[in-house]
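The values are calculated or read from the model by the stated rules, or taken from the named source; none is laboratory data. Predicted, not measured: the structure shown is a model, and the values here were computed from it. When we count neighbours, we look across all protein chains shown, and the Cβ atoms used for this are built from the backbone with ideal geometry, even at glycine. Just so you know, the surface numbers come from the protein's heavy atoms only, side chains and all, with ligands and any DNA or RNA stripped out. Shrake-Rupley method; radii C 1.70, N 1.55, O 1.52, S 1.80 Å.
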Amino acid sequence: MSKEILTVKDLKQYFPVGKDRFVRAVDGVNFTIHQGEVMGLVGESGSGKSTIAYTVMGMYRQTDGEIIFDGQTITKNDKGRNKQFRRDAQIVFQDPGSSLNPYQDVRQILSLPLKVHHVVPKNEIEDKILEILDMVELPPDFMYKSPNSIGGGERQLVSIARALCSQPKFIILDEPTSSLDVSIQAKILNMLMKLHEERGLTYMFITHDMGVMRNVSTKIAIMYLGKICEIAPTKTFYEEPRHPYTQMLLSAIPVISEEEEALKPKRIRCEGEIPSPVNLPSGCSFHTRCPFKTELCTQKDPEMREIEPGHFVRCHLCQG
């Protein structure tokens, strides 16, 4: 097994919404990502996926828990993430339009991380920018364009180029293709996987698209209301899903052939609405929608258990 790049232990991120009331955006999450892996973090909107990303990157200070990056505990530093972490770990946001400075051209945008992290001498910065633009399949003349003068897909490629400037080990991809046309999505996904192979990058890929994850991830974690329900290697995840919520999501994936339909879990119909994250139900938070719930599910929150090597499930039905 390759070395651990990121380990998250009992991570909690609560946001106050009034006197003695909190949104439990992330509530006791545990996972490990090894070097070279692509971990898909999947769930409905509001499940806590992006909050985990922002907490790992230091944009939020965690309520509780521990984050270990490349062997070092990074949550002990009250002053935020150190310079080594900021060089080795990068994030690509969902909306490149809001993360790129519209008053700078691409050359200025890419020059900054190269200078801050002393990647190359000053007289080699322009050559390095050309090299990075080539890596993300953008022509050299893009150096002189502003974010407002190019399309959404090209802006996202610039965002990926900026993340690559510091020569990182680990990149968080926060729904990097969800706002783009399908044809552009495919181009960016192919390019990201090419970079993963060629440069030995490790990704945490946040998405709500289960179809995309089947093709790009090595393992997948499913989130629901701030907690992880199931983690498994990708093949196991799609062929032997154990948590009812996972089965529900997989059974709803659209397919175009009878062969693909035969591989899907039996259709599961969930009842009710997603509970409020401010007023969570007792017991398992999914029991209000689960067709298989028992009395125990309404009373006791299940613990995450390893049911086979690398396959973890948080469900009473899988712990008997």
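Some notes on this structure:
- Residue pairs meeting the criteria (Cβ under 9 Å; at least 6 apart or on separate chains; first free of Cβ contacts under 8 Å to residues at least 12 places away in the same chain, in the range 13-25; second in a strand (DSSP E or B) and open to solvent by 100 Å² or more (accessible area, probe 1.4 Å)): F15/R24
- Cβ separations smaller than 6 Å between residues 6+ apart or across chains give the following pairs from the range 293-320 residues that are without any contact (Cβ under 8 Å) to a residue 60 or more places away in the chain to residues that are surrounded by 14 or more Cβ atoms within 10 Å (Cβ to Cβ) and of a type in the set (K, R): P302/R314.
- If only residues of the range 219-241 that are over 25 Å from Q185 (Cα atoms) and not in a strand (DSSP E or B) are counted, the one that is least open to solvent (accessible area, probe 1.4 Å) is G226.
- No other residue among E44, E66, E4, E37 is acidic (D, E), surrounded by fewer than 17 Cβ atoms within 10 Å (Cβ to Cβ) and under 19 Å from L201 (Cα atoms) apart from E4.
- Per-region count, the range 295-318, residues open to solvent by 50 Å² or more (accessible area, probe 1.4 Å), over 26 Å from the mean Cα position of the chain (by Cα) and under 25 Å from Y238 (Cα atoms): 1
- Selection status of F31, among the aromatic types (F, W, Y) and more than 16 Å from the chain's Cα centre (by Cα): no
- Residues (surrounded by fewer than 17 Cβ atoms within 10 Å (Cβ to Cβ) and modelled with pLDDT of 80 or more) located in the range 75-87: N82, K83, Q84
- Residue in the range 234-253 that is at pLDDT 90 or above and basic (K, R) present: yes
Residues are listed down the side, and each one gets a yes or a no for (1) at pLDDT below 85; (2) part of a loop (DSSP other than H, G, I, E, B); (3) under 27 Å from the mean Cα position of the chain (by Cα); (4) of a type in the set (A, V, I, L, M):
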| position | (1), (2), (3), (4) |
| --- | --- |
| E259 | yes, no, no, no |
| P275 | yes, yes, yes, no |
| P281 | no, yes, yes, no |
| S285 | no, yes, yes, no |
| R289 | no, yes, yes, no |
| F292 | no, yes, no, no |
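- D10 vs. criteria under 29 Å from M210 (Cβ atoms), open to solvent by 30 Å² or more (accessible area, probe 1.4 Å) and in contact with a strand residue (DSSP E or B) (Cβ under 6 Å, 6 or more places away or on another chain): yes
- Complete set of residues in the range 93-106 that are of a type in the set (D, E, K, R) and either assigned to a helix (DSSP H, G or I) or closer than 25 Å to F205 by Cα (or both): D95
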